[in-house]
Amino acid sequence: MFRSLLQMSALVVLIVASGLAGCRNQPESSSPVLLRIDDRAMTLDEFNHRFARTLPLDHTLAQNEKDELRRSFLRQVIDRELALAEAQRRGIRVEEAEVEAALAEMRRDYPDGNFDSMLSRRNLSLEGIREDLAEQLKIDKVLEREVHLKIKVEEQEIADYYATHRDEFVRPLRVRARQILVDNEEQGEEILARLRDGASFIEMAQRFSLSPDGDQGGDLGFFPQGEMPSSFDEVVFDLPPGELSPLISSEYGYHIFRVEEVRPAQNLTLEQAEEEIRARLHRQKEAAARRAWLLELGARSELEVNWPLL
């Protein structure tokens, strides 16, 4: 949905948030306390209730899988609460327009009225979601300020990474091909004959191909061996550029291929690999810095977890 603390789904983010909101103003309960952070607590019953709402409605999980998910969910609850408390301590503010924009983005993930149905099935309220989104946006902002903006990747780090990971920057042989897909053999043979007589492959693909790439003249772009079905690879990777394949049958229909260009295997230079390496190192540093920041917040808090209750 947006760049969140734990890379959780939007729905899980909201359910985690709802659980924390519940534990902040929780009435007395006979259920044992599972989690206590400073002056806030969550009981085992409250945790179980919130966790159950994160699971698919028709889930069939083995007990060991469910146990691992429970532990992961509790860690998410802890991390989120620590980060939110820090955002509030630093006076991070969120405007109503930001919340509405995040809500609109979330709605787009549930077209055709499915958003309201999801709320009903999960027993969530629209106002509660707005509050939870506001909290998540505060977390995103404090993370951006305290962690993400401090991450730097130096040129020497990129060069060192390239020098020790050269084997990761080998690009296999790739071809760029076009296809025409039809649903019956007779039409396929007729189109193939017209192509052999000089008809434009692009125009024929745009007129007759049933594949989504037909509008682009059947252009499949560049791809290595293994991305397409093996029966296609056997034909396409043996075709010289500019030549037509025979009519190929598959579960989708009947195909005609033409290879446009062949790019041989190559070792990327440092310059060619630079941006990929920069992004990779940035992600690694971000993850490490985020974890260190959360550990620091945890060390400054009064944190008690009754793990045996899980």
Per Stokes-Einstein, at 10 °C and 1.306 mPa s, what whole-number D in µm² s⁻¹ belongs to the stretch 85-221, with the Kirkwood radius over Cα pairs as the hydrodynamic radius?
74
Relative contact order, percent, of the stretch 173-264 when contacts are C-alpha pairs under 8 Å separated by at least 6 residues?
44
Tell me, Leu82, Leu210, Leu44 in order of fewest to most beta-carbon neighbours within 10 Å?
Leu210, Leu44, Leu82
Hey, what do the phi angles of the stretch 211-225 turn into as Karplus ³J(HN,Hα) couplings, whole Hz, using 6.51/-1.76/1.60 and θ = phi - 60°, x for Gly and Pro?
6, x, 7, x, 4, 9, x, x, 5, 9, x, 8, 8, x, 5
Below 8 Å between Cα atoms, with a sequence gap of 6+, how large is the relative contact order for the chain in percent?
23
Report the number of Lys pairs in the chain whose alpha-carbons are under 26 Å apart, with separation of 8 or more residues or on distinct chains.
8
Relative contact order (%) - the stretch 122-239, alpha-carbon pairs under 8 angstrom, separation at least six:
24
Name the residue from Ile256, Gln187, Gly242 whose Cα lies farthest towards the positive end of the charge dipole of the stretch 173-264, charges +1 on Cβ of Lys and Arg and -1 on Cβ of Asp and Glu.
Gly242
How large, in Å, is the stretch 173-264 by the Kirkwood hydrodynamic radius built from its alpha-carbon pairs?
12.9
Which residues qualify? For Ala199, with a placed amide H closer than 5 Å and at least 5 residues away or on another chain, they are none
Given the rule -39500 (n - 2.57) for each run of at least 4 DSSP H residues, summed and divided by the residues of the chain, what is its mean residue ellipticity at 222 nm, to the nearest 500 deg cm²/dmol?
-17500 deg cm²/dmol
I need the shape label for the stretch 236-301. Rule: rounded when a/c is under 1.5, else prolate if a/b > b/c, else oblate, with a, b, c from the alpha carbon gyration tensor.
oblate
Ordering 155-168, 68-81 by per-residue average of other C-beta atoms within 10 angstrom, highest first, gives 68-81, 155-168
Computed from the coordinates I sent, volume of the Cα convex hull per residue in Å³ equals one of (i) 216; (ii) 139; (iii) 163. Tell me the label.
(i)
As a footprinting exposure proxy, order Val259, Val170, Val235 by other Cβ within 10 Å, with the fewest listed first.
Val170, Val235, Val259
Highest average packing first - 88-94, 193-199, 48-54, Cβ atoms within 10 Å:
48-54, 88-94, 193-199
For the stretch 173-264, size of Cβ-based charge dipole, Lys and Arg +1, Asp and Glu -1, in debye:
340
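Every read-out reported here was derived from the displayed coordinates using simple, explicitly stated rules and does not represent laboratory data. The shown structure was predicted, so the numbers you read here are calculated from the model rather than taken from an experiment. All Cβ positions, even for glycine, are placed from backbone atoms using ideal geometry, and neighbour counts span all protein chains on display.
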